[in-house]
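Have a look at the structure below before the remarks.
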Amino acid sequence: MLYSPQPMHIPDGFLSLPVSLALWLISILLIGSAVRRLEKTLSEREVPLMGVLAAAIFAGQMLNFTVTGGTSGHLLGAALATILLGPYPAMLVMTSVVSVQALLFQDGGLVVMGANLFNMAIVGVWSAYAVFSLVRRLAGKARWGLFAGGFAAAWSSIFLAALACALELALSGTSPANLAVPAMGGIHALIGIGEGLITIGALGFLYAARPDLLSSENRQQALNRTVWLGGGIIAVLLTVFSPLASSHPDGLEWVAEQLQFIESARPPFYEIIPDYLVPGIPNEALATIAAGILGLVVVTLAAMSAGLLRRRTQG
Amino acid sequence: MDEIQVALRKEESGLYRLDGRVKVTLTLGLIVTSALLPNRPGGAYLLLLSALWAAALLSGVPLAKLIRRGWLALPFGLAALPLAFTTPGTPLLTLPVGNGLTLTAAGLMRFAAVLLKAWISLQAAALLTLTTSIPSILLALCALKVPRLLITVIALMSRYLFVFGETARQLLQAREARSSRADGSRRAGGSLLWRARVAGGMAGSLFLRSFERAERVYAAMLARGYDGEIRSLPQPALSSGSYRLLAGGLLFYLLVGLFGWLTTGGGR
Amino acid sequence: MNPILEVHNLTYTYPDGRLALNGVSLRIWPGERVALTGPNGAGKSTLLLALAGILHAEGSIQVDGILLSHASLPRLRARLGLVFQSPEDQLFSPTVFEDVAYAPLYQGLTPAEITARANEALAAVGMQAFATRMPHHLSMGEKKRVAIATVLAMRPAMLLFDEPSAGLDPRARRELIHLLEQLPQTLLIATHDLNLVQHICPRMLILDEGRLVADGKTEHLLADEGLLVAHGLA
């Protein structure tokens, strides 16, 4: 079975211990709450559905399409899982996929799995959910809501998961922020487009074959909180993009070369470094961006935990 | 998946004979120990690597296979490259680039340490999966108090992974068989958008079939009395030999960790 | 007249070490209808995949006199149409028309040419009326016919079939045999269905454990009971 390592799965050794531990704790807390919640609310037929869908996502990650000569687009699937199953089951599905990828295919470390889970099963799922809900709300009953929402959700899930990854690398001191954030963010802004395209392709297929599968679960969750979250995420995206856009006018072409670079892992590094160290990216700007995102993440987590706790006490 | 299944041989030597719970715990222990070592390659790294390779050799697992699995870390290694330049220490060489990039000895050590740690961890995980069946690993996770719902999802996923993997592979082959170039060299390949749509359609087809299969699996489970509750057989207690091995392994890790820190004087 | 397909000493080993093809050599002339038979695991599917260039085997394959290589593969693919055993995995587009149009679209033909080719292919299998339907909703027989159309759209000189009649009810099977009889292309059909072989293929190959153990007139080989039993065909 062909399997190729994904660019977002961090291996062991790349994150510092405090960061790894903190993210393990956060992930265990959040995923654990999701599990407890699901144990109460899950209907019986959803268990085999989650398992089989997880297998489909895992296998689906093998489906690629050529972007340019050397690179290809792949599917991560967090957004698709969220749209099809709802955020809580999707968290479990992505947890299964990420953990087995780490264990069986050595894609992603075990000490840092807390971070990988956080990025893909939590940030990936919830950002997709928030953006999707927001777009759906805006579109009302119109059909374009499904596809625009799907694309936006898929793109956001990849981009934000990549930013979280970059921040973790920076906080661990492995890669400085002024390197990691633009590199990861830039590359994944492109990869996110691929994810978005595959996602709407899949949604289109499903919409034509079994529209009933798409209209189900998510209605109950259209809380104000999610719309606020969706708006918050869009604000983050804008914040991140403006400085990047100004200091790298042709940033995306440069990043596209990076994409080739990462794939082949061969060209001498010192051709790339000068761009990184161009004094156009002030460290303060990036520190602010990082702080902003971190703050948002902390607040989001607090809100989610509060929401989960509240629901639990309400029985 | 083939190589994973094929590797579980019948002769049951060395690691194959151990209980899954012992192996999972020892693997996690090794990985945690490696993570806790100081960021300068030293004797402790060698000790861990030797222990790993010794265990592999005793069980008949070819070292080449193990090492190959470990290489998967490399592409990500580039993310850590800046460490070689940003860590303060004795300068080794300076590149005439931008403000002047200085490669330091300490930086190089740090970069090497990160790569080595990743490599060791990957090999440990690879050794575990090469010598332990998936059901054993799942049972071990269960014993480590991973929620049963999660284990069930993983179990079902593992069961159908191969099936869907085959499907995905055949979809890719079918597409390849129809991706041809007409005589008279016109530009082939279609537009990017179209290719993405085709890939999306393939993904959608895969998901659709997973939904329908899930419905069949559910029906089969119902037919065998499934009522929503997940039950499993209780696991046999670990033998005293297993406990001794566990204790020995963990002690070894502790000693390696201490050795690592004492000999490098904490080079974080 | 030159052979349309010439294979010399084809050998293929799977990544896990299994020897699937062991020095297979054969020649097929234009217009021939050849059956490829043998027990399960003989390597029939592997041989077809190797001929289509999807698996890279050792030895030489020449299509229409052109040697199959990394450079020539994209062009040669258009000359050999491979119809897979399971139409489920061969039909991967949302509608029948899009599936059939995939091949000409990929080749970069003009929209007019693409539509013409697709319609022509659908007509050849009698499925024009199904153009806007979802492959998912078709019956097995209908799916098999659409799968053939997806490959005909490349205007191949030769068609390779992997178990075309597997899973069909008697009526669908009859219709398929009828369709195959009418196709003008050279045919190489891998199958267990000896009845189909008798109907359509005057020449028969027997593959067993990766080796070609027989190659001759169908009526002669089918009369040799001992041969058939020895190679899992009876």
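The values are calculated or read from the model by the stated rules, or taken from the named source; none is laboratory data. Since the structure is predicted, the reported quantities are computational estimates derived from the model, not experimental observations. So basically every Cβ, Gly included, is an ideal-geometry build from the backbone, and we count neighbours across all protein chains shown. Each accessible area value is taken on the protein alone, full model and side chains, heavy atoms only, with ligands, DNA and RNA left out. Shrake-Rupley method; radii C 1.70, N 1.55, O 1.52, S 1.80 Å.
Report the calculated FRET efficiency for B:TRP71 and B:LYS145 (r = Cβ-Cβ distance, R0 = 30 Å), to the nearest 0.05.
0.35
Once you average over the residues of B:122-132, how many Cβ atoms of partner chains fall within 10 Å of each Cβ?
Numbers: counts 9, 1, 3, 10, 4, 0, 4, 5, 0, 0, 1.
Partner-chain Cβ atoms within 10 Å, mean over residues of B:122-132: 3.
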query: Normalised by the number of residues in the range A:1-146, what is the relative contact order in percent for Cα pairs under 8 Å and 6+ residues apart?
result: 34 percent
- prompt: Considering only the other residues whose Cβ falls under 14 Å of the Cβ of C:THR11, what net charge follows from Lys and Arg at +1 and Asp and Glu at -1?
  reply: 0
field: Computed over the range C:88-155: relative contact order in percent, which uses C-alpha pairs under 8 Å that are six or more apart
entry: 47 percent
- line: the range B:80-145: relative contact order from alpha carbon pairs under 8 Å, six or more residues apart, as a whole percent, is 26 percent
- line: Across A:105-115, the residue-averaged tally of Cβ atoms belonging to other chains within 10 Å stands at 6
- prompt: How much FRET efficiency would the formula 1/(1 + (r/R0)^6) give for C:TRP29 and A:ALA208, where r is the Cβ-Cβ distance and R0 is 60 Å, rounded to 0.05?
  reply: 0.85
- prompt: For C:ASN40 and C:ALA123 in the same chain, what is the full-extension length gain: residue separation times 0.36 nm, less their Cα-Cα distance, in nm?
  reply: 26.5 nm
statement: Among C:LEU138, C:THR95, C:GLY108, the residue whose Cα sits farthest towards the positive end of the charge dipole of the range C:88-155 (+1 at Cβ of Lys and Arg, -1 at Cβ of Asp and Glu, taken about the Cα centre) is C:LEU138
task: Return the FRET efficiency for the residue pair B:GLU166, B:GLU212: r is the Cβ-Cβ distance, R0 is 22 Å, and the value is rounded to the nearest 0.05.
output: 0.85
message: Between helix C:170-182 and chain C, what is the angle of the helix's C-alpha long axis to the longest principal axis, kept within 0 to 90° and rounded to the nearest 10?
response: 90 degrees
field: Inter-probe distance in nm under a simple model that places probes 7 Å from Cα toward Cβ, at C:HIS137 and B:LEU63
entry: 6.2 nm
- prompt: Summing Lys, Arg as +1 and Asp, Glu as -1, what charge do residues with Cβ under 14 Å from the Cβ of C:ALA129 carry, C:ALA129 excluded?
  reply: +1
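Please give the charge dipole size of the range C:88-155, origin at the Cα centre, charges +1 on K and R Cβ atoms and -1 on D and E Cβ atoms. Round to the nearest 20 debye.
On the way: 6 positive and 7 negative charges, 31 e Å.
Dipole size: approximately 140 debye.
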- prompt: In terms of the Cα gyration tensor, with a ≥ b ≥ c the square roots of its eigenvalues, is the range C:68-204 rounded because a/c is under 1.5, prolate because a/b exceeds b/c, or oblate?
  reply: oblate
- line: Between chains B and A, the summed loss of accessible surface on complex formation, probed at 1.4 Å and reported to the nearest 100 square angstrom, is 6900 Å²
query: So, with +1 on the Cβ of K and R and -1 on the Cβ of D and E, and no other charges, what is the size of the charge dipole of chain C about its Cα centre, to the nearest 20 debye?
result: 400 debye
field: Euclidean distance of C-alpha centroids, the range C:176-230 and the range B:39-60, integer Å
entry: 57 Å
query: Out of C:LEU180, C:LEU122, C:LEU138, any idea which swings most in a Gaussian network model of chain C, alpha carbons joined below 10 Å?
result: C:LEU138
task: Please give, to one decimal in nm, the separation of the simple spin-label points placed at C:ALA112 and B:ALA219, each 7 Å out from Cα toward the Cβ.
output: 5.0 nm
- request: Sketch the reach of a paramagnetic label on C:SER60 as a point 7 Å from Cα along Cα-to-Cβ, and name the residues of the range C:10-42 whose backbone nitrogen lies under 13 Å away.
  value: C:10, C:26
message: If you take each beta carbon of peptide C:187-200 and count the beta carbons of other chains within 10 angstrom, what is the mean?
response: 0
- request: Would you mind pulling out the separation of the Cα centroids of the range B:116-189 and the range C:74-128, in Å?
  value: 30 Å
